[in-house]
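The values are calculated or read from the model by the stated rules, or taken from the named source; none is laboratory data. These numbers come from a predicted model, not from an experiment. With ideal geometry, Cβ positions are generated from the backbone for all residues, glycine too; neighbour counts draw on all protein chains shown. The accessibility values were calculated without ligands, DNA or RNA, using every heavy atom of the protein model including side chains. Shrake-Rupley method; radii C 1.70, N 1.55, O 1.52, S 1.80 Å.
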Amino acid sequence: MTSYVVRRVLQAVPLLAGISVLIYVLLQMTPGGPLAIAENPGSAGRVTAEQLERLRNRYGLDDPLYVRYLRWAADLLRGDFGTSFNTGRPVLEMIGERIPVTFLVTGLSFLVTLLLAFPIGIVSAVRQYSVFDYLSTSVAFLGVSIPSFWLALMLLYVFTFTLGWLPSFGLEDPRQDYEGLVALWDRARHLVMPVTVLALVSTASLTRYIRAAMLDAIGQDYTRTARAKGLSERVVILRHALKNGAIPIVTILALEIPDLFIGSVIVESIFAIPGMGRLFVESAHLRDYPVLMGILMIASLLVILFNLLADVLYAVLDPRIRYR
Amino acid sequence: MSEATKGDRLEGAHVLEQARLHGPSVPSLASHERPRSLWSDAWRQFRRHRLALAGLFTLASIVLAVIAGPELIPYDPERIDFRAKSSPPTLAHPMGTDELGRDQLVRVLDGGRVSLAVGLAVVLVAMSVGVAIGAIAGYAGGWVDNALMRVVDVFYSMPGLFVIILLVTLLGPNFWTIVISLGLLRWMTTARLVRASFLSLKEQEFVEAARAIGASNVRIVLRHILPNALSPIIVAATLGIAGAILAESALSFLGLGFQPPQATWGRMLEEAQKMVIHEGHWWRGFFPGLMIFLTIISINFVGDGLRDALDPRRLERS
């Protein structure tokens, strides 16, 4: 088992290296090179010739490509993600400020997804072809097809413009200085819509998976055996069917997290939430390449990490899987 | 038990059942029927899927409206008319107008041309790359397969939307940079599907027979293996169009895709954002989003129907 985990971790290293090469090649595609924006005459007021020279020296722009890549990669490994073109601050520091917000939004959305998808999926499967099943499958189908930004916009129209119940942007009311429970309530009001939007799409797709997995498990011999033993329906479904049916679900769950993370780009942008996704979009508008590269590396790391987690969890939970 | 043997077993049981019910009349019944091609068979199957049919009809209507609409409507998508600015839906402007008095219906239809064209073009790019890489990996095997699959892994591990945003920012947003950026991040699933089909198909007798009569590798791949691997590719391509339209809309919604004055559905939503939230001009956001939603859900239904219709393991073939 340990050797399996170690091997999987080691396999992730070349993957990360491959991604970093790709990202670096992308960086080189910048029209006029990575300093194009700094050299742009339009920004002459902000970047002096002297600063430009310093930047050139710093990045060693006249060295061959592979030398520059290795130097860049070595910097990354030391935690030096470069400095932002826009703010002049270290990229890692900027990401560090924003990432907790993104974790908060995606974490809550993940929790909501779990709390909704499991009960709905299980009931749907247990009462297959019931009204509830038809309703939840239809809603799930709508949920996977609805563009999240449209849903967000329409929710804003209803709950912010028409009813005035919920604030439209940010994480807290900037005009007030709330404390304690009131601050928590204020924070919750700000998070309701973003979390709903983000959770809906993943709930919709997860419900479909859970329903399918449960239907499969309910049809298996061990479920019939459990029923034949005279166990209560509750125990049969939750102990026997769910425990076995949940194994493939765990993998999907682990893969759902990076999806939420990526989806938060849109939600953070429309609700003006100061997270990493919004930082990415802002940096794209400003062509702040070091920040874009940094976020891309961190996001890739997260995707790989959760892929790894999915594989390891699957191996741990399913004793039939042999770790060769 | 593998999927394939499970299917065989069920199919076998089905035939036995038929034989039991109909006795010796089964073979003669079959001989009366005209031989059916895969496509007419698939179409018969598809027609029974009512939601898929409804999806196909909706999709056809949208395509028709988007192609013919802008020619028939007496407004220009970029014509500014301040006398009619920010009008809610009326008979003259069924989807209302924006703050410059531009007719939203004609803009939605004109934008739809771009959105749909992007969807199709992205899938064309993604399928070309995916089929080529999957076919080479599956047919060649060995280290070629290994190397190509590691490339697939690398692309799979990149956060798609982030990379697309970076690419479009780097290349500058226009039709082809958007299409290529989206296409380059959407070919991996196809490559894996095609590789898997090729791995099993290349061992089959008909491929061996083709090789025995001296067919070249290119001919074997294109004429013998690829046609047999087509079903999953068609389903993936159909669903891929929906994904591509959604991705382009998201990109344009973030203000990083198509630039004004060109309307696309995502772009219109971006322009609508402030007006919907602060002025309550709901029609600005409702209609472009509804078009995206209807298109995506129709394509998803059609894709589901195709999956059932083209699945060779399905039980009912009548």
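A helix-only calculation puts chain B at -23000 deg cm²/dmol for mean residue ellipticity at 222 nm, using -39500 (n - 2.57) for each DSSP H run of at least four residues, averaged over all residues. The listed residues A:98, A:208, once ranked by accessible area (1.4 Å probe) with the largest placed first, stand as A:208, A:98. May I ask you to work out the translational diffusion coefficient for the protein assembly as shown at 20 °C, viscosity 1.002 mPa s, via Stokes-Einstein with Rh from the Kirkwood sum over Cα pairs, reported in whole µm²/s? After rounding, the answer is 78 µm²/s.
Judged by the ratio a/c of the largest to the smallest principal axis of the C-alpha gyration tensor, the stretch A:118-236 counts as prolate, that ratio being 1.5 or greater while a/b is larger than b/c. Each label point was placed 7 Å from the Cα along the Cα-to-Cβ direction; for residue B:219 and residue B:79 their separation is 6.0 nm.
Axis angle, to the nearest 10 degrees, between helix A:180-218 and the longest C-alpha principal axis of chain A: 60 degrees. Taking B:144, A:139, A:126 and ordering them by how much accessible surface each has at a 1.4 Å probe, largest first, produces A:139, A:126, B:144.
Between B:42, B:126, B:209, the Gaussian network model of chain B with springs among Cα atoms under 10 angstrom shows the greatest mean-square fluctuation at B:209.
Residue B:176 contributes about 150 Å² of solvent-accessible surface, heavy atoms of the protein only, 1.4 Å probe. Classify chain B: rounded, prolate or oblate, from the alpha-carbon gyration tensor (a ≥ b ≥ c, eigenvalue square roots; a/c under 1.5 rounded; otherwise prolate if a/b is larger than b/c)? The shape class here is oblate. Semi-axes of the equivalent ellipsoid of the stretch A:180-273 are 38, 17, 9 Å, computed as sqrt(5λ) over the eigenvalues of the C-alpha gyration tensor in descending order. Among the protein heavy atoms, those of residue B:48 account for about 120 Å² of accessible surface (1.4 Å probe, every chain in place). Considering only alpha-carbon pairs that sit under 8 angstrom and 6 or more positions apart, the relative contact order computed for the stretch B:248-313 is 21 percent. Of the DSSP H helices in chain B, those with a Cα length along their own long axis of 18 Å or more and a mean Kyte-Doolittle hydropathy reaching 0.5 comprise B:50-72, B:104-140, B:142-156, B:188-201, B:230-253, B:282-310. How high is the relative contact order of chain A, in percent, counting Cα pairs under 8 Å that sit 6 or more residues apart? Worked out over chain A, it gives 25 percent. Considering only A:201, A:112, A:158, the Gaussian network model of chain A with Cα springs below 10 Å gives its largest mean-square fluctuation to A:158. Of all the options A:87, A:137, A:160, the one that moves most in a Gaussian network model of chain A with Cα springs shorter than 10 angstrom is A:87.
Put A:314, A:24 in order of accessible area, highest first, and with a 1.4 Å probe you get A:314, A:24. Shown here is the pair-distance distribution of chain A: with all Cα-Cα distances grouped in 20 Å bins from zero up to the longest one, the shares run 25, 48, 24, 3, 0 percent.
When the helices of chain A are scored as -39500 (n - 2.57) per DSSP H run of n ≥ 4 and the total is divided over every residue, the value at 222 nm lands at -24500 deg cm²/dmol. The heavy atoms of residue A:172 present about 110 square angstrom of accessible area, all protein chains included, probe 1.4 Å. In terms of its alpha-carbon gyration tensor, the stretch B:157-207 comes out prolate; a/c meets the 1.5 threshold, and the first ratio a/b outweighs b/c. The Cα-based radius of gyration and maximum Cα-Cα distance (Dmax) for the stretch B:232-287 are 13.8, 47 Å. Buried accessible surface for the B/A pair, both sides summed and rounded to the nearest 100, is 3900 Å² with a 1.4 Å probe.
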